[in-house]
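The structure appears right after this line, and notes come after that.
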Amino acid sequence: MKSKILDAIGISAAVLCLIHCIIFPLLMIIPLGISHNPYIDLAFLIIGAVVVYRVTKNMTNLWLKLMFCVSILMISISVVTDLLFEIHTPLIYIGAAGLIIAHIVNFKNHKH
């Protein structure tokens with residue numbers, strides 16, 4: 001039951017991250033006076049990393065565990081690149097989509 005709740009939190013956080021990453025650049029086109037804050041991306045990364053760690057801690061499915069780890073690694077690379085060099089990479093989109101898919105598969109694999 002605990003893992004199902006973590007999957008629900010993970011799906012929610014990854015979807016919010018993906019929405020943030022897609023919508024925010026579009027909002028920057030409109031002159032509203034807002035700018036990109038990479039610390040929001042870092043907050044999503046920390047939430048995602050904690051959830052991925054807790055979900056994969058006792059996981060036996062190696063393919064799913066690899067999908068979680070590669071997805072969070074892609075997000076990490078993108079966030080660190082943005083923080084250090086102010087370069088936005090599309091890895092964050094791929095990583096967020098990977099996390100959403102991995103959480104959904106893990107959620108569906110639970111015995112109800």
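The values are calculated or read from the model by the stated rules, or taken from the named source; none is laboratory data. Small disclaimer: the values here were computed from a predicted structure and weren't measured. Cβ coordinates were reconstructed from backbone atoms using ideal geometry, including for glycine residues, and neighbour counts include every protein chain displayed.
Scoring residue 34 on the criteria (1) among the aliphatic types (A, V, I, L, M); (2) in contact (Cβ under 8 Å) with a residue 24 or more places away in the chain; (3) touching a Leu at 6+ places or on another chain (Cβ under 7 Å) leaves a single failure, condition (2). Which of the residues that make up segment 57-81 are over 15 Å from the mean Cα position of the chain (by Cα) and either under 15 Å from residue 25 (Cβ atoms) or among the aromatic types (Phe, Trp, Tyr) (or both)? Of everything in segment 57-81, just one residue is over 15 Å from the mean Cα position of the chain (by Cα) and either under 15 Å from residue 25 (Cβ atoms) or among the aromatic types (Phe, Trp, Tyr) (or both), namely 63.
All conditions in (1) in contact (Cβ under 8 Å) with a residue 12 or more places away in the chain; (2) outside any helix (DSSP H, G or I) hold for residue 60, with the sole exception of (1). Just checking, does segment 98-112 include any residue being over 22 Å from residue 21 (Cβ atoms), surrounded by fewer than 18 Cβ atoms within 10 Å (Cβ to Cβ), of a type in the set (S, T, N, Q) and at pLDDT below 90? Yes; the residues of segment 98-112 include at least one that is over 22 Å from residue 21 (Cβ atoms), surrounded by fewer than 18 Cβ atoms within 10 Å (Cβ to Cβ), of a type in the set (S, T, N, Q) and at pLDDT below 90. Being modelled with pLDDT under 85 and either in a helix (DSSP H, G or I) or of a type in the set (A, V, I, L, M) (or both) is a description that does not apply to residue 72. Report yes if residue 22 is assigned to a helix (DSSP H, G or I), closer than 20 Å to residue 101 by Cβ, free of Cβ contacts under 8 Å to residues at least 60 places away in the same chain and within 15 Å of the chain's Cα centre (by Cα), otherwise no. No; evaluated as a whole, the condition is false for this residue. Residue selection: residue 7 fails the criterion of being surrounded by 15 or more Cβ atoms within 10 Å (Cβ to Cβ), more than 23 Å from residue 105 (Cα to Cα), modelled with pLDDT under 90 and not basic (Lys, Arg).
Looking for something touching a helix residue (DSSP H, G or I) at 6+ places or on another chain (Cβ under 9 Å), over 18 Å from residue 11 (Cβ atoms) and surrounded by 15 or more Cβ atoms within 10 Å (Cβ to Cβ) - is there at least one such residue anywhere in segment 52-70? Checking segment 52-70: not a single residue is touching a helix residue (DSSP H, G or I) at 6+ places or on another chain (Cβ under 9 Å), over 18 Å from residue 11 (Cβ atoms) and surrounded by 15 or more Cβ atoms within 10 Å (Cβ to Cβ).
Could you tell me whether any residue of segment 43-55 is more than 14 Å from the chain's Cα centre (by Cα) and either among the charged types (D, E, K, R) or at pLDDT 80 or above (or both)? Yes: segment 43-55 contains one or more residues that are more than 14 Å from the chain's Cα centre (by Cα) and either among the charged types (D, E, K, R) or at pLDDT 80 or above (or both).
Mind checking whether some residue in segment 36-48 is out of contact with any Cys (no Cβ under 8 Å at 6 or more places or on another chain) and part of a loop (DSSP other than H, G, I, E, B)?
yes
Right, residue 81: assigned to a helix (DSSP H, G or I), hydroxyl-bearing (Ser, Thr, Tyr) and either in contact (Cβ under 8 Å) with a residue 12 or more places away in the chain or at negative phi (or both) or not?
In short, yes.
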